[in-house]
Structure formats: structure tokens, C-alpha cells
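Comments concern the structure below.
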Ligand code: FES
Ligand code: MG
């Protein structure tokens, strides 16, 4: 079968299935099976075959509208002369799936990789939404390396409660405090709950889902302006249809994902995540994606490239507004335009233009939502990477979400061996803790939990909250929700479950945090540390079989991106 749809005169990948050289039985079987049961005309088999990798699932509330949105993508693919094939993959509903969605990010990425790589697809559209669905699908696509475009599902409409904007996640943390201090009754909580989810879509704050959508756009994997369009806005459908048209063009010009995901693109994403006040989870996801495409990126890069970047976007949790206002203000193109002095503007994006070309005429419509770099919301907003004897391979903190006066702090450790220990002790009136203490939580790292849950922003003890104190230094090997805030040190590596020094901290140890100098240490002699190490017994594995067991045995530490070690890299066999 001839292939006259490809401007590059390169045989379409799908032709390996439908027209193996010399014809023969292989092509006959694949074509016949399709033609017979789908009623497709013969010329279908020369068109670019475009997969629509759909993370729609009723188990994933943030992604429920993607089933309908796929129709817009299909329309665009057909208009451009392609042949669309939609397929489902595993989807993780952040707030539903247990023990934590992060346990399944890598499994989802395997599903995406194998579904894309093992089928006759020339290009793929990734329909994503909730936190892990974006990085997981990009990781899978990167390992296959065919033309790829991301259609971000978009956030819900703003939550409104008693005249106030309520942001998903961010408000929940505040609610918990209000309940503990008696400011809110259970009825208040129920009323707030229904107001916080007004439409389909993902979390409305600059949490992980929104950060991932912005990451995809900053990397060049979406059409310009795609990240901030609300899920139920009619312009979301337009963007989906145009993305469908564009992926066919990408196949024709052989614009593979590896041509877009260059080191420069990753550097741009780091700068942008800082400027938008994005999630700390971004670090782990971006590193995992870089690992799949073979770009060298390490934890220190996030501090070197991001920590001095001004915060421009006034969205919760670092600021005041929500995604709907961000879109009204002009969305990510405004940030990309404002930040052009900090960015590589010559990176290629899915539409074949450079990032600079796409965004240099973006106009801001609301100065209170998107600030200018010359007069930012905050001067230095990115992620700080800490090192010291508590985190020899690094730990991270998001200073823009922390209390400035706590960024240099010395205090006595109050240790919680795991989440159960924490829950049992935290509101015990006899717990020896005050606002100067440093809360230390162990056993919530990638191996220890397993899956590294978002529990690092530990609730403060009731007796301290009642004094009106809202923040304390907290340290763990876990993550925190992108919607959360506080002086919270996360991703301590090596984690406690594999014998990192975090495992050896005891109640009363002096912990010294110095964010400006990027250090996190406990005051302890080498002899005492060794003594404790000699006595330390590794915790029993949390899973004996199945995927969690595979995860525990192969997951990399947080400072490397927590991918499974055997998934790093790609097949690139197409
Ligand atoms: Fe899905 Fe927040 S729960 S994005
Ligand atoms: Mg989240």
C-alpha cells in the first residue's frame, strides 16, 4: 500500500503492520481483521494512524470529561487526513486510589508505553488531567518516541463558598485547622464540600495537576495556551480538535517527542514551574520524564535554575486566585512571554514553531493575577535543594509556600516512626512538643510506604493550633500535595526505610535548618550516628507479592525521580 500522506517520504510506522514489504500474510491479517469488523475502506490503511491515549475513567473524577473530549480530538484527526484510534489506559484518581496514586504512576506509564509501542500507531494524543495521569503518559510516550501531543483536561470552575474562592486541596488544609480550632462545624464542612467541585475537571489551585499541565505546555508538548483552559469551557473542545489536526501534521513532518524534549525544554519547564508557584511533585515527575528520553537532569538543576526565579502567578497555594482567573488573565502564554529573558525561546513545540514564536504577543488581562518579573509577587520562588547529614542525597523545600521566619531554624526533633504513630500521638495533650520543635516523620518514602504518599505537610498538634500558630518545621521522606503549604521539607533521600540517616533521628535531637545556605543537619557525633546505625533494623517489606512488591524492589530514590530502575530509557525501535 502506498503511503502518500507522509511529506518526509519516510514509511509510516503503521505500515509495518498493514503493508509489510512484499505484502504477504502479515499485512493481510491486520488489514482483514480491521476491514471485516469495522467496515473501513481500503484507503484507511495508508493514512497516519493516531492513537488517542485516554485516561478517562469513572474511578478518576478529574478525568471524567475526557471521554467526550476525545470526540473533538477525533474530529481534528479526521479533518487532517488521519485515522484515529482511541484506547483506554489505567487512570489514577488522586483522591480515591489507595494507598497513594504515586504508587501507580510508573505502572500507568508502563501501560501507556506498551499500548503505544506495541500497536500500529504513527502518533499519539495524550488526554490527561489528574496529577499522575500527565507525567505517566508522557513517560510512556517518551520511552516509545513517536510524535506526541498532550491535551490537558483542564481545571474545574472556581469553587465558591460564602462569597469566597475555595481552592481544591488548599482549602481542605485550612478546613482541617478550622475544625480543630472549633471555628467550623461539621455542617459548615458539608456545605463547603459541595461548593468546591462545581464542574468536571481537575483541582482548581496551582496544585500538581495544574502544574503538570503547565509543565507540558512549557516543554512544548501542547498547543499554545492549552494548559489553563477550564475543563468545561468550549475553547477546551476547540483546543482538542486543533490538537487532533496538529498531531497528523507532526506525523507528516516526523516531529517526534525526542525532538521536543531537549535539555533546553526541561530547563524551561523548571523556570516556568518556579514562576507559576508550581508543585514540589513537579521535581519527581520531570526527572522521571527526563530519564525516559535520555536527558541528563539532576536534583541540583532545580535549585540552580529555579530557586532565583520570581513568582509571577498569584494562585493558591502560594497566592490568592484559581485556574479560572489564570485563564482569564491570559494563561501560561503571558508567563512565557514575561519570562522570555529567563527562557530558551528557541525550543521547538508541537506546532513546529518555537516557544518564543508562540508566545511573544501574549497579553496580560489581569495584573493582579499575573505579575511582571520586574515587580513580582515574590522575588525568589523556586525550589530549594537541601543537603546535610539528614539528607545526603538531597531534600527539597518550596520557600514560597513556607514561613519566612522558619527558613533558618534550630529545634528539637519530635519523631514519628510512621503515619500510624503520628496519628496516635499528634493530639495527645502529653506529647512533648511546642512551636519550636521540628516534626520528623519516617517511613513515608518510595520504598517505606510504599509509593511516597502526600503526607509531608503534617497537621500541627491541636494544642499548638489553638495558640494561633499555623506553621512549624516538618521533615519527611514523603511528598506533599501541590495544593499544600508550610515550612515542609520533603523527599529526604536516602529515605528511612533503606537506612538513610533520617531513620536514625531520635526524640530530642537538635535539628538545624538553614534554607539560605541550603543545609539540613542533625547535631550528632559520628560515633553516636554509627552506634545508632549498628542497632538499626530495616523495617519489614510492606508487600510480598504483585505490583507493590515489584515497585518496592525496583523503585529509585526520590532524588532520581522515583521511576522503576528497569523503566529508565526507551525502546526507540520505530
Ligand atoms: Fe485530581 Fe486534584 S484530585 S487533580
Ligand atoms: Mg494533588
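Observations on the model:
- Ascending count of other beta-carbon atoms within 10 Å, so fewest first, for 505, 396, 194: 194, 505, 396
- Value of [θ]222 nm, deg cm²/dmol, for the chain, DSSP H segments ≥ 4, -39500 (n - 2.57) each, nearest 500: -10000 deg cm²/dmol
- With 0.36 nm allotted per residue and the present C-alpha distance subtracted, the residue 565-residue 379 stretch has 63.2 nm of extension available.
- Protection proxy ranking for 493-499, 422-428, using the average of other Cβ atoms within 10 Å per residue and placing the highest first: 493-499, 422-428.
- Using the Cβ-Cβ distance between residue 304 and residue 253 with R0 = 45 Å, the FRET efficiency computed as 1/(1 + (r/R0)^6) comes to roughly 0.85.
- Among 437, 571, 481, sorting on how many other beta-carbon atoms sit within 10 Å of each Cβ, with the fewest leading, yields 571, 437, 481.
- Between residue 341 and residue 372, the modelled label-to-label distance comes to 1.1 nm, taking each label 7 Å out from Cα in the direction of the beta carbon.
- In segment 384-542, one over the average inverse separation of all distinct C-alpha pairs is 15.4 Å, which is the Kirkwood hydrodynamic radius.
- For segment 313-384, convex hull volume per residue from C-alpha positions, Å³: 110
- Theoretical FRET efficiency, 1/(1+(r/R0)^6), r = Cβ-Cβ of residue 40 and residue 96, R0 35 Å, to 0.05: 0.40
- C-alpha long axis of helix 186-195 to longest principal axis of the chain, angle in °: 30
- Taking other C-beta atoms within 10 angstrom as a stand-in for reagent exposure, 17, 536 fall in the order 536, 17, fewest first.
- Full-stretch length increase - residue 160, residue 470 - with 0.36 nm per residue and alpha-carbon distance subtracted: 109.2 nm
- Pairwise FRET efficiency - residue 533 versus residue 177, Cβ, R0 = 56 Å, nearest 0.05: 0.90
- Highest to lowest packing among 451-462, 404-415, 167-178, 280-291, scored as the average C-beta count within 10 Å: 280-291, 451-462, 167-178, 404-415
- For the chain, the longest principal axis of the Cα atoms and the long axis of helix 526-535 meet at an angle of about 70 degrees.
- Per-selection Rg to Rh, the chain - Cα, Kirkwood hydrodynamic radius: 0.99
- Once the Cα atoms are used to define both axes, helix 263-275 deviates from the longest principal axis of the chain by about 50 degrees.
Quick note: the coordinates plus some simple rules give every number you see, no bench work behind them. On a predicted model such as this, the values are computed, not experimentally measured, just so you know. Backbone-built Cβ (ideal geometry, glycine too); neighbour counts: all protein chains shown.
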